[in-house]
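K.L.:
First the structure, then my questions, so here it is.
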Amino acid sequence: MFPVTSEHRRGNNPLTGQASNECDPACAKQARGDKGGSVPDSPLRNGAHLILLLAALLAGIAIFLVVRQAVIPEGFGLYGHYRAGALKDNRMKPVSFAGREVCAGCHFDPDEALRAGKHGKISCETCHGPQSAHAADPASGVPAKPNAQGLCRRCHESDAAKPAHFPQVASVSHSGGAACNSCHEPHKPGFAKIAGERSGKK
Amino acid sequence: MLMGPTGVEGFMYPNEVELQWSVLIVLYPFITGLVAGAFILASLERVFKVEAVKPTYRLALLTALAFLIVAPLPLQMHLGHPERSFEMYLTPHRSSAMAMFGFIYLWYLMVVLLVEIWLDYRAEIVHRSQTSKGLLKFVYTLLTLGSKNVSPGALRLDDRVGYIVTLIGIPSAFLLHGYVGFIFGSVKANAWWSTPLMPIVFLFSAMVSGIAAVMLIYMAVSWYQKRPIDMRCLDTIAKYLFYVFLIDFSLEMLDLVHRIYEADESFHSLDFMVHTRLFFSQVVLQIWIGTILPLALLAVTQVRTFTEAVRRGIYASAGLLTMVGIFAMRWNVVIGGQLFSKSYLGYTTYKLEFATREGLLPSILLMILPFLILWTLVKLLPPFEERHSL
Amino acid sequence: MKDLSRRQLFEKAGRFLILSNAAAAALNSAEPNPYSTADHWWGMTIDIDQCIGCGNCAAACQAENKVPEEFHRTWIERYQVQGDDYQHPQVESPHGGREGFTPLPESAAKSFYVPKLCNHCATSPCVQVCPVGATFESPDGVVLVDESYCVGCRYCVQACPYGTRFIHPEKQVADKCTLCYHRITQGLTTACAEACPTGARKLADLKDPKDPVHEFLRTNTIQVLKPQMATGSKVYYKNLDGAVR
């Protein structure tokens with residue numbers, strides 16, 4: 001079907017695997033020329049399409065390198081193999097927990113009471129939840145009071161997996177299900193409330 | 001232990017319940033394996049001068065190309081942000097096996113496979129650009145890349161360059177699939193994957209699947225085009241399939257024996273998995289039906305003489321079983337490696353969905369696509385024409 | 001003395017009000033001593049003997065970082081070890097402990113809580129495998145994700161030995177503990193440490209000679225998770241049991 005077949009090109013016969021000598025004169029000349037050096041049918045002319053291919057490949061690589069340089073995000077590689085701006089992006093996230101110092105900036109009394117007692121090291125937002133929105137705009141509303149019943153039990157309900165030194169009670173036998181803050185003042189744990197009622201304060 | 005509603009048994013770290021890599025990532029090593037294997041079969045003829053497999057030389061190259069074009073698609077479909085995938089070329093992270101794969105892929109496609117096929121077909125392309133009409137003429141003219149020089153000298157040069165490209169192509173094909181194995185084998189956090197044998201097991205299983213695939217496609221195309229099958233070629237391919245498969249199986253068994261004997265901290269977990277969740281896909285499909293059975297079939301043809309019809313039947317069944325076995329192997333590596341907790345205290349379940357982005361349907365379509373591409377390639381660049389011209 | 005401290009508090013509160021309304025970028029330039037990554041090397045200390053499994057840390061993390069319901073940047077595990085069978089501990093972590101745990105009755109088993117989070121490894125496997133440079137270790141030792149650059153290939157999730165990473169279901173990018181980078185770079189502690197009632201979790205600056213972390217490491221029995229992975233973990237556990245995975 002075609003004037004040139006593959007066994008022709010390879011110089012061997014596909015059936016016998018033998019090298020073929022049935023080369024046309026130009027081919028033979030080329031073969032000799034390769035060894036001889038000077039040839040009219042120069043490898044340059046015969047290899048033009050290969051040079052073109054190589055040039056296209058190199059051009060492709062060059063274009064890639066140029067485009068790459070242009071598209072790489074700003075600041076990439078400044079500190080390491082990442083976009084330097086990603087550090088800032090991660091810092092820009094909004095804060096939900098304002099932190100105890102911010103709370104204490106306005107709520108002096110509860111903070112002082114808390115510091116004096118056994119819960120002194122607990123941050124306000126541990127129980128009251130994240131309040132940065134309230135801190136940023138106190139007029140926006142009063143945060144809801146936490147449900148003392150569930151809150152206290154979450155830490156203080158007896159649990160074999162809790163460290164033994166940690167104060168814990170079985171709430172059912174301890175109070176028969178009565179609200180914890182009917183006896184205990186969360187900001188001043190112990191029997192602050194009962195003591196307070198007896199002395200007539202609060 | 002009780003099975004939870006999410007298919008979790010025992011304890012998984014809370015983020016582990018959902019699998020990260022789906023069936024699409026099973027296809028990826030399966031497809032690249034076919035590429036590498038088909039190419040190595042082609043290079044048998046070109047570099048190692050195994051003349052008997054010559055009838056499949058071009059078919060193997062076209063098969064490799066068809067699958068290579070599809071290879072990145074499952075990865076692309078799997079990404080959370082496919083539109084950002086070009087970043088792998090922009091800012092490749094040198095320490096990441098995955099980033100380097102992008103470059104190996106491009107190298108293999110652009111420098112090895114396309115160039116080798118182009119050089120081998122150039123004479124036909126030029127001829128067809130002059131004889132065909134209409135759109136086809138345009139396509140072939142485009143494929144000549146502007147050179148009509150098919151003088152014997154030029155073709156001789158093509159052949160020499162093609163030979164060099166094939167020489168470069170063999171390590172490239174090894175690299176292509178060895179690297180896929182390394183992507184898994186280098187994950188130290190995952191005991192199922194982390195083994196230095198992984199790249200080499202992947203490589204040999206790639207050769208097995210590629211050789212079996214080309215053998216099957218050759219038989220199918222011959223049957224379809226009502227062309228007689230060259231039995232010397234088929235016998236030789238089957239012989240190579242048998243020996244490479246034997247090496248592959250030995251390596252996999254070595255890995256298995258080593259794991260059982262060492263029985264490190266992960267062993268209890270992996271052993272449990274192989275006996276339960278992976279029993280069917282690993283023991284039944286991969287080892288018995290997909291490896292031992294085809295190996296036995298091929299072994300019989302090596303020691304006994306059968307008629308051509310029987311041999312064809314055996315090769316076809318062995319080839320099909322091999323494909324099942326290699327696919328099961330990819331499945332067991334990719335999915336199996338994610339079914340157990342990195343705490344070694346629990347197991348999860350993979351739920352294969354149907355018509356979702358990473359479901360069964362897109363997977364089936366992705367497996368049909370390379371055959372459509374191959375069909376087009378075979379039409380455009382007929383691999384068997386030289387037989388006519390003799 | 002008390003008045004002085006109150007005034008300081010006022011100043012701090014005032015600053016917070018201004019800052020939370022202004023852009024965070026302006027925040028840095030407005031500060032007299034802008035944050036310098038070279039001055040810090042962040043980690044965390046966890047005292048197992050102080051953890052009561054209340055789950056406040058996990059819940060606070062979710063609130064602070066908008067963590068999706070089904071995934072966890074930090075979580076608590078409860079271990080039960082029967083006798084000498086430390087190879088097969090029974091572990092649970094319902095909802096990552098966000099809602100706390102059902103109390104465990106006294107039994108023959110040893111039981112305890114273990115908080116988990118990203119270990120901010122110094123040689124982290126997740127950073128190593130990221131193909132594009134979308135996850136990285138900051139100069140001050142925090143492993144972060146660049147959400148606008150992550151391709152969502154999930155390789156980092158596979159590479160993390162501790163299971164601390166996940167793909168954010170809406171954003172489709174890798175998500176993980178940032179050690180509250182947005183907080184610690186403006187002088188706050190992490191949300192989990194802020195919410196921890198017992199001080200079991202503490203942010204640690206290993207470059208700060210005055211940080212109590214040095215005393216903590218020197219005077220206690222310290223372990224990191226999966227030391228055999230050699231990841232250079234910077235989350236230091238006090239009295240961690242050998243059964244913990």
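K.L.:
Scan segment B:309-355 for chymotrypsin sites (Phe, Trp or Tyr not before Pro) in coil per DSSP, keeping those whose Cβ has at most 16 other Cβ atoms within 10 Å, and list them by number.
P.N.:
Details: sites: B:315, B:327, B:331, B:340, B:344, B:347, B:350, B:354; in loops: B:344, B:350, B:354.
Qualifying residues, ordered by number: B:354.
K.L.:
To the nearest 20 Debye, how big is the dipole of the protein assembly as shown about its Cα centre, given +1 on the beta carbon of each Lys and Arg and -1 on that of each Asp and Glu? Display every interim value, and only then the final one.
P.N.:
Values: 78 positive and 70 negative charges, 223 e Å.
So the magnitude is around 1080 debye.
K.L.:
What does the C-alpha gyration tensor say about the overall shape of segment B:270-390? Classify as rounded when a/c is under 1.5, otherwise prolate if a/b is larger than b/c, or oblate. Write out the running numbers ahead of the final one.
P.N.:
Working: a/c = 3.72, a/b = 1.47, b/c = 2.54.
It comes out oblate by the Cα gyration axes.
K.L.:
Would you mind telling me which residue in B:296, B:42, B:154 has the biggest mean-square fluctuation in a Gaussian network model of chain B, where springs connect alpha carbons within a distance under 10 angstrom?
P.N.:
With Cα springs under 10 Å in chain B, the top fluctuation among B:296, B:42, B:154 is at B:154.
K.L.:
Can you give me the distance in nm between label points at residue C:221 and residue A:52, each placed 7 Å from the Cα along the Cα-to-Cβ direction?
P.N.:
Here the answer is 7.8 nm between the modelled labels.
K.L.:
If you don't mind, another one. Round to the nearest 10 and give me the degree value, 0 to 90, for the angle of helix C:56-65's Cα axis relative to the longest principal axis of chain C.
P.N.:
Approximately 50 degrees, to the nearest 10.
K.L.:
Another question, if that's okay. Can you give the translational diffusion coefficient of the protein assembly as shown in µm²/s, computed by Stokes-Einstein from the Kirkwood radius over Cα pairs at 4 °C and 1.567 mPa s?
P.N.:
Working: Rh = 31.1 Å.
D, rounded to a whole number, is 42 µm²/s.
K.L.:
For peptide C:55-66, compute the average count of partner chain beta-carbon atoms within 10 Å of each residue's beta-carbon. Before the final figure, lay out the partial values.
P.N.:
On the way: counts 2, 9, 1, 1, 3, 7, 1, 1, 5, 8, 3, 3.
If you average over the peptide's residues, the count of other-chain Cβ atoms is 4.
K.L.:
In peptide C:120-132, how many Cβ atoms from other protein chains are near each Cβ within 10 Å, on average? Intermediate results must be reported in sequence, preceding the final value.
P.N.:
Details: counts 0, 0, 0, 0, 0, 4, 1, 6, 6, 10, 7, 15, 18.
Averaged over the peptide's residues, the number is 5.
K.L.:
Right, here's the next one. Output ³J(HN,Hα) for segment B:194-201: one whole-Hz value per residue in order, computed from phi by the Karplus curve 6.51 cos²θ - 1.76 cosθ + 1.60 with θ = phi - 60°, and x for Gly and Pro.
P.N.:
5, 8, x, 6, 3, x, 6, 5
K.L.:
Mind running the shape call on chain B? Use the C-alpha gyration tensor, a ≥ b ≥ c as the square roots of the eigenvalues: rounded below 1.5 for a/c, prolate if a/b tops b/c, oblate otherwise. Could you put the intermediate results ahead of the total?
P.N.:
On the way: a/c = 2.12, a/b = 1.54, b/c = 1.38.
Here chain B falls in the prolate category.
K.L.:
Rounded, prolate or oblate: pick one for segment A:96-141, where a ≥ b ≥ c are the square roots of the eigenvalues of its C-alpha gyration tensor, a/c under 1.5 means rounded, and failing that, prolate if a/b is larger than b/c, else oblate.
P.N.:
On the way: a/c = 2.59, a/b = 1.72, b/c = 1.51.
Taking the square roots of the gyration eigenvalues as a ≥ b ≥ c, segment A:96-141 is prolate.
K.L.:
Right, something else. For a Förster distance of 35 Å, can you work out the FRET efficiency between the beta-carbons of residue A:169 and residue B:6, rounded to the nearest 0.05? All intermediate terms of the calculation are to be shown ahead of the outcome.
P.N.:
Details: r = 35 Å, r/R0 = 0.99.
Once the sixth-power term is evaluated, E becomes 0.50.
K.L.:
While we're looking at this one, here's another question. Where in segment B:103-184 are there trypsin sites (Lys or Arg not before Pro) that are in a DSSP coil and have at most 11 other Cβ atoms within 10 angstrom of their Cβ?
P.N.:
Values: sites: B:122, B:128, B:133, B:137, B:148, B:156, B:160; in loops: B:133, B:148.
Passing sites in segment B:103-184 are B:133.
K.L.:
Here is a further query. Within a 10 angstrom radius of each residue's Cβ in C:157-167, how many Cβ atoms of other chains show up on average? Whole number is fine. Walk me through the numbers on the way to the answer.
P.N.:
Values: counts 7, 11, 6, 5, 6, 5, 10, 3, 2, 7, 4.
Mean shielding count: 6.
K.L.:
Next question. Taking the alpha-carbon centroid of each part, what is the distance from segment B:159-216 to segment B:92-154 in angstrom?
P.N.:
A separation of 23 Å, based on Cα centres.
K.L.:
Positive end of the charge dipole of the protein assembly as shown (Lys, Arg +1 and Asp, Glu -1 on Cβ, about the Cα centre): tell me which of B:115, A:146, C:121 has its Cα farthest that way.
P.N.:
It is B:115, whose Cα lies furthest towards the positive end.
K.L.:
In addition: Round to a whole angstrom and tell me the spacing of the C-alpha centers of segment B:241-295 and segment B:18-47.
P.N.:
Taking the Cα centre of segment B:18-47 as reference, the centre of segment B:241-295 is 20 Å away.
K.L.:
Follow-up. Please list, by residue number, every one of the GluC sites (Glu not before Pro) in segment C:157-221 that is coil in DSSP and has at most 11 other beta-carbon atoms within 10 Å. The partial results should precede the final answer.
P.N.:
Working: sites: C:170, C:194, C:215; in loops: C:170.
Taking segment C:157-221 and a limit of 11 other Cβ atoms within 10 Å, the loop GluC sites (Glu not before Pro) found are C:170.
K.L.:
Hey, fewest Cβ within 10 Å first, where do B:139, B:180 land in order? Working shown, then result.
P.N.:
On the way: B:139 14, B:180 29.
Least crowded to most crowded, the residues run B:139, B:180.
K.L.:
Put +1 on the Cβ of each Lys and Arg and -1 on the Cβ of each Asp and Glu in segment B:162-276; which of B:231, B:204, B:245 then has its Cα farthest toward the positive end of the dipole?
P.N.:
B:231
K.L.:
Relative to the longest principal axis of the C-alpha atoms of chain C, give the angle of the C-alpha long axis of helix C:2-21, reported between 0 and 90° and rounded to the nearest 10°.
P.N.:
Value to nearest ten degrees: 90.
K.L.:
Now for a separate question. Under 10 Å, Cα contacts only: if you run a Gaussian network model on chain C, which one of C:175, C:208, C:85 comes out with the highest mean-square fluctuation?
P.N.:
Of C:175, C:208, C:85, the most mobile in the Gaussian network model is C:85.
K.L.:
On to the next question. With axes computed from alpha carbons, what is the tilt in degrees of helix B:114-131 against the longest principal axis of chain B, rounded to the nearest 10 within 0 to 90?
P.N.:
Helix B:114-131 sits at roughly 40 degrees to that axis.
Read the figures in this text as sums done on the coordinates, not as results from a lab. Please read all numbers here as calculations on a predicted model, not as lab measurements. Counting neighbours? That spans all protein chains shown, and the Cβs are built from the backbone with ideal geometry, glycine included.
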